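Peer 1: Sending over a structure as structure tokens; questions will come in a sec.
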4 protein chains.
Amino acid sequence: MGGPVDVSGDQLRTIVERIEHVEKEISELTEGKREIYQEAKSNGFDPKVLREIVRLRKQDQKERDEHESLLEVYLRAINGACVSKAA
Amino acid sequence: MGGPVDVSGDQLRTIVERIEHVEKEISELTEGKREIYQEAKSNGFDPKVLREIVRLRKQDQKERDEHESLLEVYLRAINGACVSKAA
Amino acid sequence: MGGPVDVSGDQLRTIVERIEHVEKEISELTEGKREIYQEAKSNGFDPKVLREIVRLRKQDQKERDEHESLLEVYLRAINGACVSKAA
Amino acid sequence: MGGPVDVSGDQLRTIVERIEHVEKEISELTEGKREIYQEAKSNGFDPKVLREIVRLRKQDQKERDEHESLLEVYLRAINGACVSKAA
DNA sequence: ACGCAACGCATCCGCC
DNA sequence: GGCGGATGCGTTGCGT
């Protein structure tokens, strides 16, 4: 224990403040999101269904990405060494 | 300080021990799972591919379930009040 | 089937896109946050401790706010509910 | 194409099923755990406190002390930030 | 040993 | 004000 810790004090403070700043921005955006849902609801849209739609679209995209990488894994497994006894 | 506290004390102890017991069982099973993977690997199976397979099967099942409940949501939305202006 | 449905369809699409947009912004900021932690770590800071600090400071701030508003309530009660800032 | 592949296929299927079985058991135990907490709650125990107790009992005393002192050092560094290179 | 990913936990918000 | 669901955090386990 000694000097280095003290030296880090300023760095530490900067880091923490940067994190806090970005977290503040995130929570503001989250708030904005909530307002969009509220507004939609007041226009007669069911928030639950809206969330479901958003969720599904996100998931579909993700699956597409995964299938791609999965394919890669399988191809490598076939070319490589999936099973030793079947070699 | 008197009886009631002691009664709660016993109950509390029982509860905590039950939880700890089930957690112990879980960690033992987790250990067993790890061993299965190890064994499979020593038999020449690529653990990564195995995990991918397990994961996919789980996901497929999940999706099936979700689609079901999703369908329900949509049907209710149609019968109910998804949009007021389009009514 | 006719106009009203299309109108709702457009509204719906707009809503969904707005939500997706704000979610994209959020995930970008989250990414930025991750990078800050990474950078800090590479400078020798323990991320876990950093997170703990951020968490504690948030909590302290919250308590401070609560305390402040409580104080305000008390002061207003004393003054007879006419002062806004305890001036 | 012939025997060996089929043999591997059977092995593979067996492995996957064994894994899925143990995972099923795990999730059932997890469910049981949840029920214990529910039951405790309905008997007037605060789940949060229960979890804390379990957590504390699990946690190694020594590690806790180390973590605590490290945190303290950091907090002092942030409040202080006084020295530049050697205390 | 590090980084990534999945799981479970704690918190928060909306609903009842 | 309690409850359930959704979101974000933290932890643990896995692969590299």
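The values are calculated or read from the model by the stated rules, or taken from the named source; none is laboratory data. Keep in mind that this is a model prediction, so the values were computed, not measured. Cβ: placed from backbone, ideal geometry, glycine included. Neighbour counts: every protein chain shown.
Peer 1: Tell me whether the stretch B:23-30 contains one or more residues that are more than 21 Å from residue D:58 (Cβ to Cβ), out of contact with any Ser or Thr (no Cβ under 9 Å at 6 or more places or on another chain), within 16 Å of DNA strand E (Cβ to nearest atom) and modelled with pLDDT of 90 or more.
Peer 2: Start the filter on the stretch B:23-30 by keeping residues that are more than 21 Å from residue D:58 (Cβ to Cβ), which leaves none.
So far as the stretch B:23-30 goes, no, none of its residues is more than 21 Å from residue D:58 (Cβ to Cβ), out of contact with any Ser or Thr (no Cβ under 9 Å at 6 or more places or on another chain), within 16 Å of DNA strand E (Cβ to nearest atom) and modelled with pLDDT of 90 or more.
Peer 1: Assess whether residue A:34 counts as being surrounded by fewer than 14 Cβ atoms within 10 Å (Cβ to Cβ) and away from DNA strand E (no atom under 14 Å from the Cβ). Break it down into steps so the answer makes sense when it comes.
Peer 2: On the way: surrounded by fewer than 14 Cβ atoms within 10 Å (Cβ to Cβ): yes; away from DNA strand E (no atom under 14 Å from the Cβ): no.
Here the answer is no, as residue A:34 does not meet what is asked.
Peer 1: For the stretch D:31-43, which positions are within 11 Å of DNA strand F (Cβ to nearest atom) and either at pLDDT below 90 or of a type in the set (Gly, Ala, Ser) (or both)? Working first, answer last.
Peer 2: Just the residues of the stretch D:31-43 that are within 11 Å of DNA strand F (Cβ to nearest atom), to begin with: D:38, D:41-42.
Result: D:42, single match.
Peer 1: Which residue out of D:25, D:66, D:52 is away from DNA strand F (no atom under 15 Å from the Cβ) and either among the acidic types (Asp, Glu) or in contact with a helix residue (DSSP H, G or I) (Cβ under 7 Å, 6 or more places away or on another chain) (or both)?
Peer 2: The conditions single out D:25.
Peer 1: Scan the stretch B:12-39 and report the pairs whose first residue is of a type in the set (Ser, Thr, Tyr) and whose second residue is not in a helix (DSSP H, G or I), with Cβ atoms within less than 9 Å and a gap of 6+ or a chain change.
Peer 2: Sorted first by the residue in the stretch B:12-39, then by its partner, the pairs are B:37/B:45.
Peer 1: Please work out which one of (1) under 20 Å from residue D:78 (Cβ atoms); (2) away from DNA strand E (no atom under 16 Å from the Cβ); (3) away from chain A (no Cβ under 11 Å) is the condition residue C:53 fails and give its number.
Peer 2: Just one mismatch for residue C:53, condition (3).
Peer 1: Moving to a separate point now. If I ask for residues that are under 17 Å from the mean Cα position of the chain (by Cα) and more than 15 Å from residue C:30 (Cα to Cα), which ones from the stretch A:22-58 would you list? Break it down into steps so the answer makes sense when it comes.
Peer 2: Of the residues in the stretch A:22-58, the ones under 17 Å from the mean Cα position of the chain (by Cα) are A:22-23, A:25-27, A:29-30, A:33, A:51, A:54-58.
Within the stretch A:22-58, A:33, A:51, A:54, A:55, A:56, A:57, A:58 qualify.
Peer 1: Within the stretch C:42-50, does at least one residue satisfy the condition of being in contact (Cβ under 8 Å) with a residue 12 or more places away in the chain and within 16 Å of DNA strand E (Cβ to nearest atom)? Steps first, answer last, please.
Peer 2: Going through the stretch C:42-50, the residues in contact (Cβ under 8 Å) with a residue 12 or more places away in the chain turn out to be C:50.
With the extra rule that they be within 16 Å of DNA strand E (Cβ to nearest atom), the set shrinks to C:50.
Yes, the conditions are met somewhere in the stretch C:42-50.
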